[in-house]
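Working notes for the structure below.
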Amino acid sequence: MEDKIDVKLTVELAHQCVKCSACRSVCPTYSVVKEERSSPRGRLALAEAVVDGNMPLTEEIARQWNECAMCRRCEWICPNEVEYKEIMFRARYQAKKEVGKFDPVKKAVFTGLAMMGSFPTKIGMKFAPSLMSAYGKLLGKDVPEYNAIYLDTGIPKYTKLMPKPTAKPFGLRGKEVKPEKEKKGRLLFFTGCMIDAFYGKTGENVLKLMEKAGYEVVVPKNIRCCGAPHLYSGEVESFEKLMKHNKEEIGKYEFDAVVVACPTCGGTLKEEYGYPVKDFAEILREEGYITFKGEGEKVTFHFPCHSYTAMKMNPDVYRDVLKNVKNAEYVEGEQAMMCCGFAGYFSVSNYEVASELQKRKIEDLENTKATYVLSDCPGCVFNIADGMYKHGDYKKIKVMHLADYLAERLEE
Ligand code: SF4
Ligand code: SF4
């Protein structure tokens, strides 16, 4: 952990920015707030001033840093290769230590995430489907179109369209699939918290697609959250513990690469854990012989920020896979690569900015006139479905994970 927060390194990193402002044009929070201090350059300038001792670290500065979605689009566009994430998680770590305020909801969410897959969460999640459906009947609104319940708490930031928990939470753990014919390699599927808890079907579909592509796949039994939410928030100790736990578990398996269907997990496993990581869509593109057939529908795609920023995937991977679906038309929104405003706890802690980004995303997706909105991140799917229910034509437009859409259209 020492090197993660090494002061000298932090100072060096904070001086990387040459203040050209190229990053402002792609920053989602700046596009809403329109203030320099809410731009990447502004946040970096504050970090520089604090490490140089020119400004004290105040609650107001911490607030500016915490208003960032950590999408890393600034890093992606920066001509000077400024390591924004490296700077910002250190800044947030320091801010939490010096001027941090206790947020009980955040604490509960992050503790829950850190425990995902532990014995108590496995037991707790067993009762979640029936509890949520009872709660939904009593206080929420059933939304069968998205297999979800609209939980209206009366407090906007906590009012969400919640996907129903999967019938068998953590049901993929320990699963192994083997292709019938030739074996091209062995993958380890890191499912991620949202697939484990809510989108079990998506996980099954990833296995099905990888098997079809000729890969043997194993799902580790005892993994926890990858730790990305903790690291990005500056909770470095929690992240280190999760990484240690996961590395010990993953170390028990043999594999050629880790496969993911969540680019935030993927980016973290690649950059921090140091594993070879592939998104399932990258494997599908490589194995171009697999064919899919649609039913004459129009589809559009939301590019998860971390797919091209953290995982450094070429966005054409998704375009190529979708253009290869027979009897379906792929159309792209003008803002298809812009952040949807989810960014985990950001959508709660920065509710106004996040919901403006969500509204803009829905408008852009609806402008394409597509009836299927796809993405490759369970968090984006969750947020776009919520946005479609709140602002869009949710009865006509299906919001799905790419793996679900493709698995339904596999040609035998
Ligand atoms: S972060 Fe990069 S793009 Fe943004 S102002 Fe600094 S050097 Fe320019
Ligand atoms: S990570 Fe995203 S939200 Fe944060 S400053 Fe960079 S572009 Fe803006």
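Scanning segment 108-122 for residues being surrounded by fewer than 19 Cβ atoms within 10 Å (Cβ to Cβ) and closer than 17 Å to I195 by Cα gives a total of 5. The criterion of at least 2 residues that are touching a strand residue (DSSP E or B) at 6+ places or on another chain (Cβ under 8 Å) and surrounded by fewer than 20 Cβ atoms within 10 Å (Cβ to Cβ) is met by the following helices (runs of 4 or more DSSP H) wholly inside segment 283-402: 316-323.
Let's see how each residue does on (1) of a type in the set (A, V, I, L, M, F, W, C); (2) farther than 19 Å from Y232 by Cα; (3) in contact with a helix residue (DSSP H, G or I) (Cβ under 7 Å, 6 or more places away or on another chain); (4) at pLDDT 95 or above:
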| site | (1), (2), (3), (4) |
| --- | --- |
| E2 | no, no, no, no |
| D6 | no, no, no, no |
| E12 | no, yes, no, no |
| C17 | yes, yes, yes, no |
| L46 | yes, no, yes, no |
| A49 | yes, yes, no, no |
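Residues that are crowded, with 21+ Cβ neighbours inside 10 Å and among the hydrophobic types (A, V, I, L, M, F, W, C) do not occur anywhere in segment 126-141.
Which residue, of V143, V50, V99, is in contact with a strand residue (DSSP E or B) (Cβ under 9 Å, 6 or more places away or on another chain) and not charged (D, E, K, R)? Walk me through how you get there before you give the answer.
Values: V50 fails: in contact with a strand residue (DSSP E or B) (Cβ under 9 Å, 6 or more places away or on another chain); V99 fails: in contact with a strand residue (DSSP E or B) (Cβ under 9 Å, 6 or more places away or on another chain).
From the options V143, V50, V99, the qualifying one is V143.
Given (1) at pLDDT 90 or above; (2) closer than 30 Å to E352 by Cβ; (3) out of contact with any His (no Cβ under 8 Å at 6 or more places or on another chain), identify the lone condition not met by Y199. The failed condition is (3). Of the helices (runs of 4 or more DSSP H) lying entirely inside segment 71-152, the ones with 3 or more residues being away from ligand 1 (no atom under 16 Å from the Cβ) are found at 84-99, 104-115, 119-139.
Annotation note: Cβ proximity below 6 Å between a residue of segment 76-98 that is acidic (D, E) and a residue that is more than 8 Å from ligand 1 (Cβ to nearest atom) and part of a helix (DSSP H, G or I) (sequence gap 6+ or interchain) occurs for E83/L13; E86/L13.
When each of K278, K241, K270, K293 is tested for being more than 20 Å from P315 (Cα to Cα), in contact (Cβ under 8 Å) with a residue 12 or more places away in the chain and outside the structural domain of V331 (by TED's automatic domain parsing), the lone residue that passes is K241.
Being among the small types (G, A, S), surrounded by fewer than 19 Cβ atoms within 10 Å (Cβ to Cβ) and touching a helix residue (DSSP H, G or I) at 6+ places or on another chain (Cβ under 7 Å) is a property that A22 has.
Restricting F346, F303 to those that are at pLDDT below 95 and farther than 19 Å from V217 by Cβ reduces the list to F346.
Looking across segment 25-64 at every residue that is exposed (fewer than 15 other Cβ atoms within 10 Å of the Cβ) and among the polar types (S, T, N, Q), the one that is farthest from ligand 1 (Cβ to nearest atom) is identified as T58.
The values are calculated or read from the model by the stated rules, or taken from the named source; none is laboratory data. Keep in mind the model is a prediction, meaning the values are calculated, not measured. Heads up, the Cβs are rebuilt from the backbone with ideal geometry, glycines too, and the neighbour counts pull from every protein chain shown.
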